[in-house]
Amino acid sequence: MIVVKIGGGAGLDLPAVVQDLAGLRRPFVLLHGANQLRDELAAALGRPTKVVESVSGYSSTLTDDDAMDVFLAAYAPPSGSRGSTAASCWARAIPGSASCGMGASSCCATTRASRAR
């Protein structure tokens, strides 16, 4: 089994990722992030994402109490659903896959072959 981790940022080329994954001939589990959704939600709530830079030049998101609340809201499954909206989209886009019903940053799709094991 292959574990595939993709980002959740605005620059992600989802059609290309789906095309690549659809061509896999091995079972896989897909994990994805929700940074774009988190940032959009934070801005809409008037709590913009804060980024800090280390002395060596690495950028990181500052996660204070407000940021953690936004993070949890963005990464949680939508109310009344069994998984994230993105997970459902992946499950429809990748032949033989299904949502595993976890949050946006957790496993989102598994191939039929991996579910059979």
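Out of the residues in region 32-62 meeting the condition of being among the hydroxyl-bearing types (S, T, Y) and loosely packed, with under 14 Cβ neighbours inside 10 Å, tell me which one is farthest from G9 (Cα to Cα).
Among them, the one singled out is S56.
Inside region 1-70, counting only strands (runs of 3 or more DSSP E) that do not spill past its ends, which hold 1 or more residues that are in contact (Cβ under 8 Å) with a residue 40 or more places away in the chain?
The qualifying strands (runs of 3 or more DSSP E) are 28-32.
Could you check how many residues of region 1-31 are surrounded by fewer than 18 Cβ atoms within 10 Å (Cβ to Cβ), touching a helix residue (DSSP H, G or I) at 6+ places or on another chain (Cβ under 6 Å) and among the small types (G, A, S)?
2
Only the coordinates and a few stated rules stand behind these numbers; no lab work does. Remember, predicted model here, so these are calculated numbers, not experimental data. In this analysis, Cβ positions are derived from the backbone assuming ideal geometry, glycine residues included, and neighbour counts consider all displayed protein chains.
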